[in-house]
1. Taking K and R as +1 and D and E as -1, what net charge do the other residues with C-beta under 13 Å from the C-beta of HIS142 add up to?
2. Which value in Å does the Kirkwood hydrodynamic radius of region 260-315 take, with 1/r averaged over all unlike C-alpha pairs and then inverted?
3. So how much slack lies between THR184 and ALA376, counting 0.36 nm per residue of separation and subtracting their Cα-Cα distance, in nm?
4. Just to check, using Stokes-Einstein with a Kirkwood Rh over alpha carbon pairs, what's the diffusion coefficient of region 253-376 at 10 °C and 1.306 mPa s in µm²/s?
5. Of CYS297, CYS292, how do they rank once you tally other Cβ atoms within 10 Å and put the fewest first?
6. Given Cβ point charges of +1 (Lys, Arg) and -1 (Asp, Glu) and nothing else, what value in debye, to the nearest 20, does the dipole of region 232-388 about its Cα centre take?
7. For region 138-200, take the convex hull of the Cα atoms, compute a quarter of its surface area, and give me that in nm², please.
8. Going by how many other Cβ atoms sit within 10 Å of their own, how do TRP156, TRP218 line up, fewest first?
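What follows draws every value from the coordinates through simple rules; no lab data is involved. Note that the structure is predicted; figures quoted are calculated from it, not measured. Reconstructed Cβ throughout: ideal geometry from the backbone, glycine too, with neighbour counts over all protein chains shown.
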Amino acid sequence: MSGTAEVAQSYARAWLWKAAVPIAVPVLAALTLLLILLALLAAPDAPASAAFPACSIGGTGATAAGIDLDAGQMGQAQTIVTVAAALGLDPHAATVALATAQQESRIRMLANDGSSPALTAEQAAVTATSLTYPHDGLGSDHDSVNTFQQRWIASWGTVAQLMDPAYAAEAFYRRLQAVPDWRTIPLTLAAQAVQISAAGGAYSRWEPFARELTAMLWPAAQATAANPAGAADGVCPGLPVPAGSWVRPTAGAVTSGYGSRWGALHAGVDIAGPRNSPVYAAADGTVVSAACTSAYCDRDGNLGLAGYGNLIELDHGGGVTTRYGHLSAYTVTSGQRVSAGALIGFQGSTGNSTGVHLHFEVRQHDSPVDPVPWVADRGVDLHAPNPG
């Protein structure tokens, strides 16, 4: 894949050309579209690898019923199964959902360029905002987005909500539970009752695959449901790092720097990548704490919620500590020794947060310092264009 930003730019140019035709759309709709797509064109290029994390809570690539899945697909699949367990549903519900997601998107979080001729210009503009959220690929079927190809026009939710994998899965399960006898009727009928697809009979072909994949992922889903605060098994490999070195803690772009923000000190930097991107220890150290620091951490937070959400603090000696906030889950415990590059958690949006990212802090004797020059002095460029 050539990169999310490059693909988004090509579609954006096409939309700008359409908007230039004065008789094509009402003035208001054209202006809305133009503003959105100018923002896309102005966005910095993202690394080619940023479409999905190299490794996720779902694990590295796997094979189910003879079908190969990469790490991105496994991460999306794990989210779908974990949401089922968190809702108190059984593995059959997850099987129906995975079969549906495989048919609709090959279990990929798809954005939509809004190019469907069935959409008005204003609808197309709203649909195209999906390009601004983390995604694994592009689609163009009406206003459909995400792993289940849910439609905002059909009242599944807003585009922002539908581009959240956990929200998308829960929305699917809520409608599935409303289907009479969904546990006993054929899988393809249950899926079709939710999706109302033009190819409703196609879901049955994926049932063996979905059953095997559910069996693989259900134990981890149950463990997460039993401990929703954030602890998770580490399934991603650590980075090979020479002893004593510092490393970039996660992949993604710096979206907010150190300094005053909204009248208060933003004591670190925000690095935004796809949901469940691996987070690594920036240097050798000992885990001071790994815990939920907000009222809840079993789902995304918001600006009205205090705290870092799931937070890890590492002690590197000499009065130097680092903090890793808003994690979807963490893989370490207090008192544990970790090496630079060790997997410690995953990017999320828990606590006082409005989007998936890692909040990264460096502290000297408990006083925050700007992480960018600090790690730069140790050979790490947080603004590198392709951090990988």
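1. Result for the local shell: -3.
2. Working: mean 1/r = 0.0745 Å⁻¹.
So the Kirkwood estimate lands at 13.4 Å.
3. Numbers: separation 192, 0.36 × 192 = 69.12 nm, distance 5.91 nm.
Between THR184 and ALA376, full extension yields an extra 63.2 nm.
4. Once the numbers are plugged in, D ends up at 112 µm²/s.
5. Ordered from fewest to most neighbouring Cβ atoms within 10 Å, CYS297, CYS292 come out as CYS292, CYS297.
6. My answer is approximately 140 debye.
7. One quarter of the hull surface, i.e. the mean projection, equals 4.4 nm².
8. Numbers: TRP156 22, TRP218 19.
Result, fewest neighbours first: TRP218, TRP156.
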